[in-house]
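Colleague: Please find one structure pasted underneath; my questions will follow.
The values are calculated or read from the model by the stated rules, or taken from the named source; none is laboratory data. The model shown is predicted, which means the values in this text are computed figures rather than measured ones. Glycine also receives a Cβ, built like all others from the backbone with ideal geometry; neighbour counts cover every protein chain displayed. Note: accessible area is taken over every heavy atom of the protein model, side chains too, but ligands, DNA and RNA are not part of it. Shrake-Rupley method; radii C 1.70, N 1.55, O 1.52, S 1.80 Å.
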Amino acid sequence: QVQLVESGGGLVQPGGSLRLSCAASGMISSIHRMDWYREAPGKQREMVALITNEGSTNYADSVKGRFTISRDNAKNTVTLQMNSLKPEDTAVYYCHATYYGMDSWGKGTPVTVSA
């Protein structure tokens, strides 16, 4: 199995930046895709950004141009750089990994964008 631990969430003012990290352990070599999801109060969990083993990335329309996902295979981490944050980005952010037809979730890290 794969274990995921997120960090880096917190309170930030609109227009500010945060950097989320996801540390992976376990069957790391089997991971072929990692994603960041978020779940806002009263809303369904949605995919924010993904990165494949080949380095391909994709983003939700709502974060394109503001968020960047990257992967450091040597450190077994995936990072989500979030810039120009808006109040509607407020949510719990979850790291997700897909491997061998299975998947794992982290416990999430909260992000609050408020003045």
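Colleague: Could you list, in sequence order, all residues of the range 70-82 that are among the aliphatic types (A, V, I, L, M) and assigned to a strand (DSSP E or B)?
Modeller: Result: 78, 80, 82.
Condition check ((1) farther than 18 Å from residue 114 by Cβ; (2) modelled with pLDDT of 95 or more; (3) not in a strand (DSSP E or B)) across all residues:
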{"residue": "15", "(1), (2), (3)": "no, yes, yes"}
{"residue": "24", "(1), (2), (3)": "yes, no, no"}
{"residue": "50", "(1), (2), (3)": "yes, yes, no"}
{"residue": "58", "(1), (2), (3)": "yes, yes, no"}
{"residue": "65", "(1), (2), (3)": "yes, yes, yes"}
{"residue": "68", "(1), (2), (3)": "yes, yes, no"}
{"residue": "84", "(1), (2), (3)": "no, yes, yes"}
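Colleague: For the range 77-102, name all the residues that are more than 14 Å from residue 5 (Cα to Cα) and free of Cβ contacts under 8 Å to residues at least 60 places away in the same chain.
Modeller: Those that are more than 14 Å from residue 5 (Cα to Cα) and free of Cβ contacts under 8 Å to residues at least 60 places away in the same chain: 88, 89, 90, 91, 101.
Colleague: OK, next. Hey, could you check the range 86-115 for residues that are assigned to a strand (DSSP E or B) and of a type in the set (Ser, Thr, Tyr) and say which is nearest to residue 11 (Cα to Cα)?
Modeller: 112
Colleague: Is it fair to say residue 75 is more than 24 Å from residue 115 (Cβ to Cβ) and of a type outside the set (A, V, I, L, M)?
Modeller: The answer is yes for residue 75.
Colleague: While we're on this one: Please count how many residues of the range 70-82 are among the polar types (S, T, N, Q) and modelled with pLDDT of 95 or more.
Modeller: So the count comes out to 3.
Colleague: Which ones in the range 37-48 are of a type outside the set (Ser, Thr, Tyr), assigned to a strand (DSSP E or B) and open to solvent by 40 Å² or more (accessible area, probe 1.4 Å)?
Modeller: Within the range 37-48, 39, 46, 47 qualify.
Colleague: What number goes with the only condition from (1) open to solvent by 60 Å² or more (accessible area, probe 1.4 Å); (2) touching a residue at least 60 places away in the same chain (Cβ under 8 Å); (3) on the phi > 0 side of the Ramachandran plot that residue 15 does not pass?
Modeller: Among (1) open to solvent by 60 Å² or more (accessible area, probe 1.4 Å); (2) touching a residue at least 60 places away in the same chain (Cβ under 8 Å); (3) on the phi > 0 side of the Ramachandran plot, the lone unmet condition for residue 15 is (1).
Colleague: Could you tell me which of the residues 82, 34, 27 is open to solvent by 30 Å² or more (accessible area, probe 1.4 Å) and among the aliphatic types (A, V, I, L, M)?
Modeller: Working: 82 fails: open to solvent by 30 Å² or more (accessible area, probe 1.4 Å); 34 fails: open to solvent by 30 Å² or more (accessible area, probe 1.4 Å).
The match here is 27.
Colleague: Hey, another quick one. Which condition does residue 63 not pass, out of (1) touching a helix residue (DSSP H, G or I) at 6+ places or on another chain (Cβ under 9 Å); (2) open to solvent by 30 Å² or more (accessible area, probe 1.4 Å); (3) under 19 Å from residue 9 (Cα atoms), if it passes all the others?
Modeller: Against the list (1) touching a helix residue (DSSP H, G or I) at 6+ places or on another chain (Cβ under 9 Å); (2) open to solvent by 30 Å² or more (accessible area, probe 1.4 Å); (3) under 19 Å from residue 9 (Cα atoms), residue 63 comes up short only on (2).
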